[in-house]
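First comes the structure, then the notes that go with it.
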Amino acid sequence: MYETIQMLHSYLAYVALAVLFLAVANAVTGLIGKRIFNMNKDLRLSLFALILCHIQLLVGLVLYFVSPSGLSALLEFGMGGLSSAARLLAVEHPFINIAAIVFITIGWSRHKKFVEGDKKFKSIAIFYGIGLLLILSRIPWGQWFN
């Protein structure tokens, strides 16, 4: 079960990151190009990124509780007994990615309050962008590509 969830979490990350990157790029180009916020394309892309990121978070939380590198490592070794690689998986990766999803959710919620397209694009660009940067900063790159 653990290996299946870990594989799902790894492969879903590629899709979620790609769609999140597209949503940020779309918002930035919409803001720079002063486009009208299209309810079909722009809204759906942003919503799809939000949904994928939330699904990825849920899969990651399940993985955190069933993985030997997650909560069980933290309980077994304590914070001081973890190596930097183990601390990344047990503490930094989950905490920062939860914060990233909070930023993405704030961006989605804020964009709904605006009528003007530039404010909608700006909200999505800033908050989704912060979320994307946070996620990219705490991906265990060395383990992900092995």
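Each value in this text was obtained by applying a stated rule to the coordinates, not by laboratory testing. Note that this is a predicted model, so its numbers are computed, not measured. Methodologically, a virtual Cβ is constructed for each residue, glycine included, from the backbone with ideal geometry; neighbour enumeration extends over all protein chains shown.
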Listed residues Asn26, Ala99, Leu133: farthest to the positive end of the dipole of the chain (Cβ charges) = Asn26
key: Per-residue ³J(HN,Hα) for segment 67-76, Karplus 6.51 cos²θ - 1.76 cosθ + 1.60, θ = phi - 60°, Hz, x for Gly and Pro   = 7, x, 8, x, 4, 5, 5, 5, 5, 6
task = Can you check what the net charge comes to around Ile32, using other residues whose Cβ is under 11 Å from the Cβ of Ile32 (Lys, Arg +1; Asp, Glu -1)?
result = +2
request  = At q = 0.11 Å⁻¹, work out log10 I(q)/I(0) for the chain with the Debye formula, treating every Cα as an identical point scatterer and leaving solvent out; two decimals please.
outcome  = -0.45
ask   = Based solely on its DSSP helices, what 222 nm [θ] is calculated for the chain when runs of n ≥ 4 H residues each add -39,500 (n - 2.57) and the sum is averaged over all residues, nearest 500 deg cm²/dmol?
value = -26000 deg cm²/dmol
ask   = Ordered by packing density, taken as the mean number of other Cβ atoms within 10 Å over each peptide's residues, highest first, how do 94-101, 22-29, 64-71 rank?
value = 22-29, 94-101, 64-71
